[in-house]
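Notes for the one structure printed next.
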Amino acid sequence: MNQTIRATPSRRPFIAAGLMASLTLIAACASAPPAPVSAMDAARVAITNAEKAEANRYAGAELGEARKKLAMADSAVRQESMVRAEQLAQQSRVQAELASARTAAAKAAEVNKELERGADALTEEMQRAGEST
Amino acid sequence: MNSPNNSRRRTGKILAVATAVSFVLAACSSTPQSPEGAAEVRSKLTRLQSDPNLGTRAPLALQEAETAVRLAEQPVARDAALGAHRVYMADRKVEIAVAQAGTRYSEDQRAKLADERDRARLDARTLEADKARADAGAARAGAADAARMASADADAARASAAAAASAAAQQADDLQRQIDALQAKVTDRGLVLTLGDVLFTSGRADLKVGAASNLDRLVAFLNQNPNRNVEIEGHTDSVGADDYNQALSQRRADSVKSFLVQQGISGARLSASGMGEHRPVAANESASGRQQNRRVEIIIGNPPDVVTSN
């Protein structure tokens, strides 16, 4: 260290320039955080799951919003605003999960309606059979 | 020489005042205040929690919603986007809890509907039997009392046999429907239910919300079939050391077991074991393959003397 400081004055500008350059490099690295890959993957998986569950039919609007949020996350990544991209990816995922949940609820309600109709038909048939006697 | 000095002093004073004012403003704006929309989400959650039909039907999703709402209520200094993001997440988690509770409610209603249908069917049988008896009575009006009574008994016996057969068929139907609802595979080991689907984050053992509806159904199934025992097997992907994965898979299995115990299933019926990374169901090379490998398999044993129909 001492030797560096005792270096001839003519070398000092070089050392200063070197320091500046490395600082700039470090700063550049710090300002470009990595893309939120796992959040984006999770969103994609959640959307695929919702599609498999036929969310298209039962919760189309929710599924559409999930896709839109994922597209927004993609473009945020391209603009290198990674914090925003991660938030959008999380929103896309939770929205896709909502699409799945609403799809399941709608299907369950549909099954019940079908069952009710069956029971009603049976009762009706029974009554008719009773009348015909 | 004096005047520049004076003006410098004046500038200093103005600066000081400006700084003070800005401090006061900053203090005002940073008084703890939840982000916009947080109160609405909270009241939506409260409504769900106090709903007599839905409030207790999706415990895991409700818990996640509660956590998200609490986070959304935290004041965020200067980062309005973060506040809005948290409110969005909390709102959707509450809606997911609402939907899951609704699904569970429908499923519980279904059992009641099936009972009603059984009753209707039984009524129909009784009516048929009565009618048969009446017909028999009319046809054999002139015959001896003994003969008439015998035929009526025979009809009644036939009717009750038909009713019993239909009840047995109904029971088999119900079981099949429960199995369908669980989306379990029927194997010689019993019913195998895979809790895959984004259940666990890489390296974590706590359950995610997607697990809730499947697990709720499992709890219902186990309550309806108290003679079936359950083996819970944890599996991991191949990321990380062998020992670590072994321990992690054990913790995952334990985490499912403790959820079931929490839901009132007797611990004596449940065994949990960790299989580590040794039984993958998909290639560990891709993210989606690894996700499928991070799973818990639930093997629902056959009851001691199961009557397999079909």
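The values are calculated or read from the model by the stated rules, or taken from the named source; none is laboratory data. Please read all numbers here as calculations on a predicted model, not as lab measurements. Ideal geometry is used to build each Cβ from the backbone, glycine not excepted, and the neighbour counts take in all protein chains shown.
Taking the criterion of being surrounded by 13 or more Cβ atoms within 10 Å (Cβ to Cβ), among the polar types (S, T, N, Q) and under 23 Å from the mean Cα position of the chain (by Cα), the residues of the range B:245-272 that qualify are B:S249, B:Q250, B:S255, B:S258, B:Q263, B:S271. The criterion of at least 3 residues that are hydrophobic (A, V, I, L, M, F, W, C) and at pLDDT 90 or above is met, among helices (runs of 4 or more DSSP H) falling completely within the range B:1-102, by B:38-49, B:59-73. Being facing chain B (nearest Cβ under 10 Å) and at pLDDT 95 or above is a condition met by at least one residue of the range A:54-62. Would you be able to say whether some residue in the range B:193-201 is modelled with pLDDT of 75 or more, within 24 Å of B:Q250 (Cβ to Cβ), out of contact with any Gly (no Cβ under 6 Å at 6 or more places or on another chain) and not in a helix (DSSP H, G or I)? The answer is yes, given that some residue of the range B:193-201 is modelled with pLDDT of 75 or more, within 24 Å of B:Q250 (Cβ to Cβ), out of contact with any Gly (no Cβ under 6 Å at 6 or more places or on another chain) and not in a helix (DSSP H, G or I).
Among the conditions (1) β-branched (V, I, T); (2) buried (at least 18 other Cβ atoms within 10 Å of the Cβ); (3) modelled with pLDDT of 80 or more; (4) assigned to a loop (DSSP other than H, G, I, E, B), B:V239 misses just one, which is (2). If the condition is being more than 9 Å from every other protein chain (Cβ to nearest Cβ) and either outside any helix (DSSP H, G or I) or of a type in the set (D, E) (or both), then the range A:83-100 contributes only A:E86.
Once the range B:83-110 is narrowed to residues that are more than 15 Å from A:E97 (Cβ to Cβ) and in contact with a Gly (Cβ under 9 Å, 6 or more places away or on another chain), the residue that is surrounded by the fewest Cβ atoms within 10 Å (Cβ to Cβ) is B:A84. From the list B:A152, B:A157, B:A165, the one residue that fits, being out of contact with any strand residue (DSSP E or B) (no Cβ under 7 Å at 6 or more places or on another chain), at pLDDT below 75, among the small types (G, A, S) and exposed (fewer than 15 other Cβ atoms within 10 Å of the Cβ), is B:A165.
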